[in-house]
Amino acid sequence: MRQTRPAAKKATRLALDDEIAHLRDLDLQGLRARWKSMFRQQPPPHLPRHLLVAVLAYRLQADELGDLDPATARLLRQIATDAGSLGASHLTEEFGRRKTELKPGTILMREWNAQTYRVMVVDAGFAWNGKTYDSLSKVAFAITGTNWNGPRFFGLRDKISPEAKS
């Protein structure tokens, strides 16, 4: 008999918890062997036991539940290469503005060429004029006939202050 989705998800979670608990029980030699089987290379010799456990646990979770989305991974790489904490703060603020979550039922309004346009956020994207679009940029194109950044067209992007730019 096929498991229902919640039961399958719970079973996956239990199996993952068991695997992570097993990692904690391994000695240093066992962790290094597990690393080699997961990453197909020797672990860095300087990594202490607690970091081996943390990296292996993260990899197990990412493989099972999904890794970071590309935008988040890119942000973390930028923060790691940026020398100052001010730069990291600016990057995270900008990232937060981009990730504004719109809930279904929200109505976006925009006046364009003396006409008011209303777009509703729906589960499948954005509804306007009897049609559903998968992005705000496509709605903005349908309204204006030119390429626009959809969130900017509808006023969802904050303007970055001159102080933050420098």
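Structure values in brief
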{"item": "Residue pairs meeting the criteria (Cβ under 7 Å; at least 6 apart or on separate chains; first within 18 Å of Lys131 (Cβ to Cβ) and open to solvent by 50 Å² or more (accessible area, probe 1.4 Å), in the range 141-153; second of a type outside the set (A, V, I, L, M, F, W, C) and not in a helix (DSSP H, G or I))", "result": "Phe141/Asn147"}
{"item": "Residues located in the range 48-77, provided they are over 28 Å from the mean Cα position of the chain (by Cα) and surrounded by 13 or more Cβ atoms within 10 Å (Cβ to Cβ)", "result": "Arg49"}
{"item": "The range 86-140: number of residues that are over 13 Å from Pro151 (Cα atoms), modelled with pLDDT of 90 or more and of a type in the set (Ser, Thr, Tyr)", "result": "5"}
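The values are calculated or read from the model by the stated rules, or taken from the named source; none is laboratory data. Since the model is a prediction, treat every value here as computed from it, not as a measurement. Neighbour counts run over all protein chains shown; Cβ positions are idealised from the backbone, glycine included. Each accessible area value is taken on the protein alone, full model and side chains, heavy atoms only, with ligands, DNA and RNA left out. Shrake-Rupley method; radii C 1.70, N 1.55, O 1.52, S 1.80 Å.
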